[in-house]
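Here is the structure we will look at, set down as structure tokens.
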Amino acid sequence: MKRLDSPDLGSEPMVIEIGPAHPAMHGITRFRAELDGEVIVSMEADIGYLHRGFEKEAENSDYIQIIPYTDRLNYVSPLINNIGYSMTIEKLFGIEVPRRAEFARVIMGEISRVCDHLTCLGATAMEVGAMSVFIWFIKAREYLWELVEEVTGARLTTSWTRIGGNANDLPDGFLQMLDQRLAQVSDVIDEGDRLLIRNKIFIDRMKGIGIISKERAIEYAFTGPMLRACGVPYDLRREDPYSVYPELDFEIPVGTVGDCYDRFLVRLEEMRQSIHIIRQAADKLPPGEYRTYHRRAGLPDKLDVYGSIEGLIDHFKIVMDGPQPPPGEVYQAVEGGNGELGFYVVSDGSGRPLKCRVRPPCFNFVAAMAEMTIGHYLADIVPIFGSINMIGGELER
């Protein structure tokens, strides 16, 4: 009989299916991991469980009808998706957005970014055992979602922007409520910081886990917090400035190692920077229009529709034929919650895009999951996957 510690005791690798039913896999992702004991030796990712179909839906809808579809991409920070798409079509038309609308977009977009990071960090903390932080961060997200509801009428599927501006202006009393809620969220962020960042259990689960080098992150075309955690200070709000970001002062947090711990710290500091941006934008918010009207791009005001034949005709044409931009192609990217969120649209002059393509930031991260997990233990998949903040609608569009 062989002794259990015999050097020639044979063993075979074990294949484990992680997801799609696993609670950390969102029900739409599956990893096929090959294990040597508890150590991962190979991994394959399968993302094909959602079938979002955004791009083909867009090619069969007019330009205005696509706006509600965009906030179903990254549904954790939907306003950034609304803004990015609307900027793309405005670029196609050559429309200039009023400054008040631009500042309002920055305020709402950064609120959305903080909500995105709160969700990511809260869920990551919960998945490594820190349930209290999850409850605190979701509470803080609720403070901000109530602001979003005040402005857009919805909490998640906002559909707030329009071609040429926004659906409505910031309501009366919004800035006072904003100041109060930002103070509450800042307190919660500091509270989570104090509990977690120097906690030995949290550090053991996150530090040195899921490391990817700066060079490999660039080769995988990482952007956003995942790239900045590797030490690359790349942020589209600075590298390819858009809207009124050049008029605002903020820092770009970066990490050093590129592990799960760095990603957590980068997102934590980015929330503070976003709050700083929101306060500046609120202070500089100018008076004026919240939308510019373009006859070929958007629906006219109801008073014009009911009060003039020209307005009625414009309304009828937009509803029946859709906005009709000049033929051409454009690409516009914004700094989303996960990184570079880009929309590529080709127009043939009709009311529907000939081609619509999305550059989703988290697709590249999932492609690199094998590289980040091989050599780690099976239990490390959860914090690594949590740290990339995969959003299903954005991933499989």
> Of the residues in segment 18-57, how many are exposed (fewer than 13 other Cβ atoms within 10 Å of the Cβ) and closer than 12 Å to residue 381 by Cα?
Replying inline: 1
> With respect to the numbered conditions (1) more than 21 Å from the chain's Cα centre (by Cα); (2) more than 30 Å from residue 62 (Cβ to Cβ); (3) surrounded by 19 or more Cβ atoms within 10 Å (Cβ to Cβ); (4) among the acidic types (Asp, Glu), which one is the sole condition not fulfilled by residue 270?
Replying inline: (1)
>> Pull out all pairs, ordered by first then second residue, where Cβ-Cβ is under 6 Å, the residues are six or more apart or on different chains, the first lies in segment 324-337 and is more than 14 Å from residue 360 (Cβ to Cβ), and the second is among the aliphatic types (A, V, I, L, M) and buried (at least 21 other Cβ atoms within 10 Å of the Cβ).
In response: 325/92; 330/92; 330/345; 332/87
>> Can you say whether residue 96 is out of contact with any helix residue (DSSP H, G or I) (no Cβ under 6 Å at 6 or more places or on another chain), outside any helix (DSSP H, G or I) and either surrounded by fewer than 22 Cβ atoms within 10 Å (Cβ to Cβ) or touching a residue at least 60 places away in the same chain (Cβ under 8 Å) (or both), as far as the supplied structure shows?
In response: yes
> Can you tell me which residues in segment 140-173 are under 28 Å from residue 63 (Cβ atoms), hydrophobic (A, V, I, L, M, F, W, C), out of contact with any Lys or Arg (no Cβ under 7 Å at 6 or more places or on another chain) and assigned to a helix (DSSP H, G or I)?
Replying inline: 151
>> Just to confirm my filter: which strands (runs of 3 or more DSSP E) fall fully inside segment 314-397 and include at least 2 residues that are among the hydroxyl-bearing types (Ser, Thr, Tyr) and either crowded, with 24+ Cβ neighbours inside 10 Å or modelled with pLDDT of 95 or more (or both)?
In response: 340-347
> Which one of these is within 18 Å of residue 385 (Cβ to Cβ) and in a helix (DSSP H, G or I): 238, 181, 205?
Replying inline: 205
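Looking only at segment 173-228, count every residue that is aliphatic (A, V, I, L, M), over 20 Å from residue 139 (Cα atoms) and in contact (Cβ under 8 Å) with a residue 40 or more places away in the chain and tell me the total.
If we filter segment 173-228 for residues that are aliphatic (A, V, I, L, M), which is where we start, we get 175, 177-178, 182-183, 185, 188-189, 195-197, 201, 203, 206, 209, 211-212, 217-218, 221, 226-227.
Checking which are over 20 Å from residue 139 (Cα atoms) leaves us with 175, 201, 203, 206, 209, 211-212, 217-218, 221, 226-227.
So of that shortlist, the ones also in contact (Cβ under 8 Å) with a residue 40 or more places away in the chain come out as 175, 201, 203, 206, 209, 211-212, 217, 221, 226-227.
So the count comes out to 11.
The values are calculated or read from the model by the stated rules, or taken from the named source; none is laboratory data. Since the structure is predicted, the reported quantities are computational estimates derived from the model, not experimental observations. Reconstructed Cβ throughout: ideal geometry from the backbone, glycine too, with neighbour counts over all protein chains shown.
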